[in-house]
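Written below as structure tokens is the structure these notes are about.
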Amino acid sequence: DELVTQMQDDLYDGLGEEIVDGVNILLERGWQPYDVLTKALVAGMTVVGNDFRDGILFVPEVLLAANAMKSGMAILKPLLAETGAPKMGKMVIGTVKGDIHDIGKNLVGMMLEGAGFEVVDLGINTAAEAYLEALAREEADILGMSALLTTTMPYMKTVIDELVEKGRRDDYIVLVGGAPLNEEFGRAIGADAYCRDAAVAVEIAKDFIA
Ligand code: B1M
């Protein structure tokens, strides 16, 4: 599809208004919000990520691309959330301390809301105390943590260890995700599950709650 290719280019160039237009056009053409999200926005961000890795793009450009992506996600959010699905449970989610990547986390939150979960988003750079405090205050069922850096993913273990130490580990289902993680890492740090993407996170959360 030409428009999808164009949108991926626009995302690469950090053109927020064009992304908003593209999202609206695809929706008018009858695309499902989830397809717009994955096939246009997430796929476009993958291209950005590759060129960032290869030293072709730098932080300022990637930041523009991320902001353009967020403009598109803002349109999709209410569409993904308005499903009238029965209430499933409550998740506290946040990106771990030292890490400011939030697009994947936001996406997971959006999809979970769409599936009927209540989501309390602690934002980025979240310290263990903040997770523990929010889990108790919100009487949450699930803890979700996101990390995009190899240097911040070990912090997930810090949070889980803290839960263990306080005797609260078994009170919550702990789900983790983020590009550098894998299933083995999830097991090693004592999480209940590693979630490859937002759709998988929804399926796993549902399985645990059911
Ligand atoms: Co950063 N960055 N970045 N960055 N950045 C990566 C992660 C990197 C892989 C790029 C690269 O080199 N190829 C690299 C990490 C390398 C490593 O650790 N080995 C990197 C780096 C190095 C950095 C800086 C250190 C760069 C610098 O300053 N020199 C710096 C760090 C800042 C910090 O956090 N302290 C930095 C900064 C930034 C920006 C600010 C410019 C921007 C973030 C903007 C924002 O988020 N608001 C940015 C971006 C955009 C990226 C890439 C290009 C894209 C990330 C993204 O949004 N992907 C990224 C490249 C990449 O990932 N390949 C990169 C789209 C998103 C939908 O996918 O986040 O994977 P993702 O989420 C998925 C799944 O992983 C999963 O579901 C999501 C949806 O399907 N998931 C979960 C994620 N979290 C989950 C939680 C769950 C469940 C599933 O809980 C239950």
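The values are calculated or read from the model by the stated rules, or taken from the named source; none is laboratory data. Quantities reported herein were computed from a predicted structural model and do not represent experimental measurements. With ideal geometry, Cβ positions are generated from the backbone for all residues, glycine too; neighbour counts draw on all protein chains shown. Just the protein is used for accessible areas: all its heavy atoms, side chains included, with ligands, DNA and RNA removed. Shrake-Rupley method; radii C 1.70, N 1.55, O 1.52, S 1.80 Å.
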If you stretched the chain out fully between Lys87 and Asn67, how much longer would it get, using 0.36 nm times the residue separation minus the C-alpha to C-alpha distance? 4.1 nm
Near Lys87, which lysines are there with a Cα under 17 Å away, not counting those fewer than 8 places off in the same chain? Lys206
Relative to the Cα centre, what is the charge dipole magnitude of the chain, using +1 at the beta carbon of each Lys and Arg, -1 at the beta carbon of each Asp and Glu, and rounding to the nearest 20 debye? 520
When the accessible area of the stretch 1-110 is split by element with a 1.4 Å probe, what percent falls to carbon and sulfur? 58
For the stretch 36-94, using Cα atoms only, the Rg and Dmax in Å read 15.0, 46
Tell me the Kirkwood radius of the stretch 73-146: reciprocal of the mean inverse pair distance over distinct alpha-carbon atoms, in Å. 12.4
Whole-angstrom Cα spans of the stretch 120-166 along principal axes, big to small: 30, 24, 15
Starting from the Cα of Lys166, draw a straight line to each of the lysines and keep only those under 22 Å, dropping any in the same chain fewer than 8 residues away. Lys90, Lys97, Lys157
Connecting C-alpha atoms closer than 10 Å in a GNM of the chain, tell me which of Val200, Val23, Val174 has the biggest fluctuation. Val200
In nanometres, the difference between 0.36 nm per residue of separation and the alpha-carbon distance of Thr5 and Arg29 is 7.1 nm
Within the chain, what is the longest stretch that has no GluC sites (Glu not before Pro) placed in a DSSP loop and near at most 12 other beta-carbon atoms within 10 Å? 1-81
Taking the alpha carbon gyration tensor of the chain, what are the square roots of 5 times its eigenvalues, largest first, to the nearest whole Å? 30, 20, 13
Using just the alpha carbons, could you tell me how many Å³ per residue the convex hull of the stretch 118-196 encloses? 86
Taking the 0 to 90 degree range and rounding to the nearest ten, how far is the long axis of helix 155-165 tilted relative to the main principal axis of the chain, both from C-alpha atoms? 30
